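The values are calculated or read from the model by the stated rules, or taken from the named source; none is laboratory data. Since the model is a prediction, treat every value here as computed from it, not as a measurement. All Cβ positions, even for glycine, are placed from backbone atoms using ideal geometry, and neighbour counts span all protein chains on display.
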Amino acid sequence: MVTSLYLQAVLQMRQAKGQQRYSDAKFSGGVRQLSGKHWITPEIRNKAKALVAQMTLEEKVGQMSQFDWGFHAINPDAGGEINNLMRLLIDRGWVGSLFNLSGAEEANELQRKVIENSRLRIPMITGRDVIHGYRSVFPIPLAMSSSWNPGLIEQTAAAASREAASDGIHWVFAPMIDITRDPRWGRIAESMGEDPYLGGVMADAWVRGAQLDRWSDDRRSVAGCPKHYAGYGFAEAGRDYNTVDVSDRVLREVILPPFRRAVEAGALGIMASFNELNGIPACANKYLLTTILREEWGFEGIVVSDYNALAELLVHGIAKDPKEAAELAIKAGTDMDMHSGFYFRYLPELVAEGRVDERLVDQAVERILAVKFKLGLFDNPYVDLSLKSRVILSEEHVGLARQAARESIVLLKNENGILPLSKNIRKLALIGPMMKNRRDPLGCWAPDGKEDDVVSLYDGILAKLSADQVLYAEGCGILDRSREKFDEALKAVEQADAAVIAVGESIELSGEGNSRAELDLPGEQRALVEAAVRTGKPVIVVLMSGRPLAVGWLDEQAAAILHAWHLGIQSGRAIADVLFGDNGPSGRLTVTFPRSVGQIPIYYYRKNTGRPPGGNYTSRYVDMPTKPLYPFGYGLSYTTFAYRNLKLDRTGMRLSDALTATVEVTNTGSVAGEEVVQLYVRDVAASVTQPLKRLKGFAKIRLEPGETKAVSFRITADDLAIIGASGEWAAEPGAFRLMIGPNSEEGLEADFILEE
Ligand code: BGC
């Protein structure tokens, strides 16, 4: 029987786990079956079925159980019951999956034990959170999505999986593709931002990169696990784990598209989220896990619960006891239980009592074994120990980390073209708590990252300037409440020609469990920047955070602002590349930056209302503009671009036709630069009110000074489809407007008619 002591141990374990971490889809016409792709071939399915037929019930429910081995390693005395259970399952060779192993050696050792103890010699599948790189830590996903470069996402996902696989990992709990509109939510850092279409493109790239990468030695790749399915990013008030209550339309139009794309790309796993969705917690939610995921989309992989989420069914108040929690979860469609042990303990009884049909168990085990066959684990369960030294932190991966970091940087302000800085500058003051910081650029959820691998901004700048060109003083720590080190920093600013101030958030201010109610710079950092501005010297601010910050004051005061997120191991080099113009900034925001917390939720995908913002009695605030600080899609470059001659090849389009929209983009500045050309559409009058804009395409192009390129987008009825009053996905004939421009608020517009 599970006692409250057990639940306490689980809580402790979650805390310990936290500490340990720190040493649209383009819906092709809407909801319908996948287009005949079977990632799990009939041959694999048959092998899995044949094996299940030989298994005892205990062996089966063992396969459906996953445990956090790292918890055992760091808490050998805590959570006795769960540790005993984990050990029992390993000793009998029954365990389906372990995660958080310490590396390839331990993975092989435990795998050997499991296989040797297993009557049918079934290997386990090992997991790990590999969210934005393994040891080669890449920028946080929110930053990487700002690259608007799916190819880059694909490459980084492949590199991360290659490193993880070389260290004995078969299953990465990524990508995190929760759409969110709330920067208070700490996990926005792990997300790809607010837009379902862009999120879908990135999800597709990530899954293909992570899963389909083949590396020479044994041709094994890893399984992905898009998460958290579903709605986790819509937690009320941005408070992690909070209630989620959204309409089916928002669910299907905004939240689900990236998951659907991930499934279409062949994701072998999906993680069911912690949150309740419209009254039913995700891992007990049959509508999500069976109706939509399996029946509508044809998902063939493993559904795993989030960490101990079966036990949380009791806390949510939907299961009266652990046994009922196990019953609800399996009946909803959860195949694997992460770390509660409930499946192993209660499914045999539930089957014996006739409350759960054994065929449900068989189905889940078949899926789990099929993924193991698909990954080649039966034939090749061990990892070659010589591999990791060739793969981890390889020159290629470090180079990729630098490129990814560069492409993630967003230039928010650049008054009088103060950036890029000249390498001949006489004196540059380098101040702020993020300047020499090598820890926080790793970002949240980088459990395998090492501070020693990180290039600080200071070191990045010193690779471009000589030591006598810089003056350094920290000024204050991230969370400091004291201003005693201000003077030294201000003296440096006064003696210099310009100052670069690196400020932001520490790792603990974003990521899981780390929601914030205030979105300004923490501690005394704002006062430091303001004091530096008062010296009259040009102040260039490098913001490093895991989320959008509401810093309207900064936009008014700083000469330039570079948003540099948490950029991973090559952070300093990449920022210096951009500061000195070796590479221009090309990132564009994938999330709206609010002016104040009171504007949240604020996102571009909004509707017009009956009284759009204007004068009195309109949808506005009396004390604040309704416009955001920086809109979705926004970002500057060191050059300027002009958009001209938007042309449609037709003004009337039939449902079966395609329309081509072409715009000319010219680099009107004096240096080469990259631009992200964005296409938005609006259904002007539909059976259900529609957002003013929906992103439906983008192209990242590079232009030399004076160069013009014509950029074309092909638009089909699929791009225009909405969930109308009938509840079906379809494009509704009538008037449409499209906009092509540099961000969600600027661009050229053209109208066309969709005919029957
Ligand atoms: C997180 C997941 C993660 C899991 C395993 C949970 O706390 O929500 O994103 O994959 O732990 O570490």
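Report yes if Val529 is on the phi < 0 side of the Ramachandran plot and in contact with a His (Cβ under 9 Å, 6 or more places away or on another chain), otherwise no.
When the stated conditions are applied, Val529 does not pass them.
The sole residue among Lys423, Lys374 that is within 30 Å of Glu675 (Cα to Cα) and not acidic (Asp, Glu) is Lys423.
For region 293-317, residues that are under 17 Å from Leu256 (Cβ atoms) and surrounded by fewer than 23 Cβ atoms within 10 Å (Cβ to Cβ) total 5. Scanning region 694-718 for residues that are out of contact with any Asp or Glu (no Cβ under 9 Å at 6 or more places or on another chain) and more than 19 Å from Pro150 (Cα to Cα) gives Glu704, Pro705, Gly706, Glu707, Ile715, Asp718.
Can you confirm whether region 5-17 contains a residue that is farther than 26 Å from Val365 by Cβ, more than 16 Å from the ligand (Cβ to nearest atom) and either at pLDDT 65 or above or in contact with a Pro (Cβ under 7 Å, 6 or more places away or on another chain) (or both)? No, because not a single residue in region 5-17 is farther than 26 Å from Val365 by Cβ, more than 16 Å from the ligand (Cβ to nearest atom) and either at pLDDT 65 or above or in contact with a Pro (Cβ under 7 Å, 6 or more places away or on another chain) (or both).
Listed by position, the helices (runs of 4 or more DSSP H) enclosed by region 498-612 that each have at least 1 residues that are hydrophobic (A, V, I, L, M, F, W, C), more than 16 Å from the ligand (Cβ to nearest atom) and surrounded by fewer than 21 Cβ atoms within 10 Å (Cβ to Cβ) are 525-534, 552-557.
Considering region 141-200, and only residues there that are of a type in the set (S, T, N, Q) and within 16 Å of the ligand (Cβ to nearest atom), the residue that is farthest from Val250 (Cα to Cα) turns out to be Ser161.
Being of a type outside the set (A, V, I, L, M), touching a Leu at 6+ places or on another chain (Cβ under 9 Å) and at pLDDT below 95 is not true of Trp94.
Considering (1) at pLDDT 95 or above; (2) part of a loop (DSSP other than H, G, I, E, B); (3) under 26 Å from His132 (Cβ atoms), the lone condition that Arg426 does not fulfil carries the number (3).
When the residues of region 295-335 are filtered to those that are of a type outside the set (D, E, K, R) and more than 17 Å from Ser273 (Cα to Cα), the one that is nearest to the ligand (Cβ to nearest atom) is Pro322.
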